[in-house]
Amino acid sequence: MAALGREVILADFQACTGIENIDEAITLLEQNNWDLLAAINGVIPQENGVLQTDRAGSEESSPLLFPLDPVPPTTPTLSSQPVPFPVSASGSGSGSPPPLRPSGSGLPRSASGSGLSKAMASGFRPMPTEKTPRFLNFVVEHRNRNVELTVEDCSTVGDVKKCLQNELQVPTEQMQLCGWQATDITDLSVLRSLHLPKNNSLFLLTADAASPQSASGSSFGSALTDRINQTFLLIVRHREAQREYKLNFPGARTIRDVKYNVADLTNIQVRQQQWEGWPLSANNDALTLAAAGLSYPCHRLSVSKKPSALTAAECATEAVDVHMVSSDESDEFEEAAESFGVEDSEMFMSESTQRKTAPMMPQNSENEAEALMQFTTEFSSRYGECHPVFFIGGLEAALQEAFYSRPQDRKLLAVYLHHDGSVLTNVFCSRLLCAESVVTYLSQNFISWAWDVTAEANRARFLSSCTRHFGSGASQTLRSYKPDQFPLLLAIMGKRTSNEVLSVIPGNTTLDEMMMRLMHAVDIFTEQQRQDIKDEEEREARETVKREQDEAYRLSLEADRAKRDAQEKEIAEQAKREQLKQEKQQEKEALMASLAESLPPEPAAEGAEAPITRLRVRTPQGEFLERRFLVSQPLRALITFVASRGFAQRDFKLLTTFPRRDLSVLDPDKSFEELKLFPQETLFLEARN
């Protein structure tokens, strides 16, 4: 096949599969004898003969841009369980591996104009072909030795280590394979899933291994493990833009990572980048920076876009593509101009006018609030005071203001992305964004936030925030917009678990379309807000019932506690009274016993040497106390006797019956004889008042 035909096939294959590594693309085409359809079917999974995208990556990649038939789109699936194949140092294997997963999950628009994309757009479906095994070549550097391996791409990293174990007699658990493209490599990682080229260079670290030698034979300044943990400062000069970027990368990152990051900053695709300054040892994009032989801590590089070197036939093809695209874009511009009521001269004059004005926002500003203040001031000076009130603060603060209040107070977030490099910017801002109806509607239903993506640093900063807050799918979509497609107005709604971009309003829209899209976004938001308010009310009702139940339970506990405390207090007081009563009783009994012991002995009834008297004392209970006394004994002896029986003089009166006398008040030292209380007498006790 002629060289021209192969170059066209290679370009179509890369455009359809998204594989940017030329060596890998050529290898896949060679395996299929440069049959373009067979190679595409071998890379992109099939469902019913229709090219599909990867389900797992559908949310983070561009959608399928070429309609194949009127069948409704479905989300494809991709098997994640490869069939294991034996691997050896000689490269022998058996079986047929499953198709490789493509590096891009969709078909980019750059394929438009090629013969394949036209066939696909007309409904052509490639048929599956028989797939042949794909073998990968590895050169593994260990100390001063290089081990060459050939394995099938359906094998795992662990299989590669087992082959190295047979060659080097080193246990696999002591191996650390470095130089992979990805950073999350495990022994179970399948080689096919790593999207490796046919030829790969790795280096092996072991527990007792010295620092490996680089590909050019020069030794590293320090141990490779230390270099992996170091941070390299890469000063990359963009030759066309005449500016430098200072980038910090850990040693474990690969050269491919650097190129993709530079692509985001310079808008130069990886396959179009032309580099100067890489060491000779950096001959593989899968090498880590630690193994690439870079100068530490700082290394200078320069990048530019490769010069176009197309043949006549390719130039003709490209001219057709450019003509088709430019015709479409010119139609859009003409429609936009007609809808705005602006002549072409006014639209293109706006571009030259913008170049003379100050930038809307400074580059690399550390304070986002100050940058947005400058944006608002410059916007007012250009387009007048009637414009949306832009929120002054970072994107995260604007999200908090819009989404994280009560459901009744939430609003949509309108993000305006400004670009001075677009001819549509001046008309969009002056005729649409600053229209009184739009300003009023935005102020009532939206929190407006703005950002200037004219400078690459500000654009990269916004895309990083967009990925963090809205997901990689939204970031990838915005990344695909070209400068002449700006400005953009995004309508964003906050949801329970994530934020959703409801609408992207481009710069070539009309006022009616803009209002319709904004109102449609508000309708969706209102329905969601109504549901959120209902959920919030139900939640508050549940919390109110719970609080009432908790309060009732608390009062019940307090009542039970008070009742229990009262019972315990009553029991304690009763016990105390009983104790006092017992103590008084014991004290009384002790006193009575003491008084009884102090009494003189009772004389005998008969045969007494001295005259005696018999005294009977009637108690208030009707009982009688009897005792004999000598008539010569004093009245005190009777009072002591009565007290020894529990009737103390302070509590009772001792009275005679007739004549009634109170003996308690008489002289206690008088004898019974003196008081005429013999030979017998009956007395009674009376309680004192």
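The values are calculated or read from the model by the stated rules, or taken from the named source; none is laboratory data. Nothing here was measured: the structure is a model prediction, and the numbers come from that model. Neighbour counts are summed over all protein chains in view; Cβ atoms, including those assigned to glycine, are modelled from backbone coordinates with ideal geometry.
Tell me, which residue of the range 292-307 that is in contact with a Ser or Thr (Cβ under 7 Å, 6 or more places away or on another chain) and not β-branched (Val, Ile, Thr) is farthest from ASP23 (Cα to Cα)? Explain how you work it out, then say what you get.
Here is the first cut: in the range 292-307, the residues in contact with a Ser or Thr (Cβ under 7 Å, 6 or more places away or on another chain) are 292-293, 303.
Subsequent filtering for residues that are not β-branched (Val, Ile, Thr) retains 292-293.
On the way: ALA292: 20, GLY293: 23 Å.
That would be GLY293.
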- request: Could you check, for the range 253-263, whether at least one of its residues is among the polar types (S, T, N, Q) and either farther than 20 Å from THR454 by Cα or in contact (Cβ under 8 Å) with a residue 24 or more places away in the chain (or both)?
  value: yes
statement: LEU654 meets each of (1) modelled with pLDDT under 90; (2) buried (at least 18 other Cβ atoms within 10 Å of the Cβ) with one exception, condition (1)
query: In this structure, is LEU683 part of a strand (DSSP E or B) and at negative phi?
result: yes
- prompt: How many residues does the range 263-285 contain that are under 31 Å from the mean Cα position of the chain (by Cα) and under 28 Å from ASN137 (Cβ atoms)?
  reply: 1
query: Can we say GLU587 is closer than 24 Å to LYS653 by Cα and either surrounded by 10 or more Cβ atoms within 10 Å (Cβ to Cβ) or out of contact with any strand residue (DSSP E or B) (no Cβ under 9 Å at 6 or more places or on another chain) (or both)?
result: yes
query: When the range 466-510 is examined, which residues are found to be modelled with pLDDT under 90, aromatic (Phe, Trp, Tyr) and outside any helix (DSSP H, G or I)?
result: TYR481
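Can you find a residue that is among the polar types (S, T, N, Q) and surrounded by fewer than 18 Cβ atoms within 10 Å (Cβ to Cβ) anywhere in the range 448-462?
Taking the range 448-462 as the starting set, the residues that turn out to be among the polar types (S, T, N, Q) are 448, 454, 458.
From what's left, surrounded by fewer than 18 Cβ atoms within 10 Å (Cβ to Cβ): none.
No, the range 448-462 has no match at all.
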query: Within the range 149-166, is there a residue that is surrounded by 16 or more Cβ atoms within 10 Å (Cβ to Cβ), at pLDDT below 85, among the small types (Gly, Ala, Ser) and not in a strand (DSSP E or B)?
result: no
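In this structure, does GLU597 turn out to be over 30 Å from LEU490 (Cα atoms) and loosely packed, with under 10 Cβ neighbours inside 10 Å? It would help to see each step written out before you state the result.
Numbers: over 30 Å from LEU490 (Cα atoms): yes; loosely packed, with under 10 Cβ neighbours inside 10 Å: yes.
Yes.
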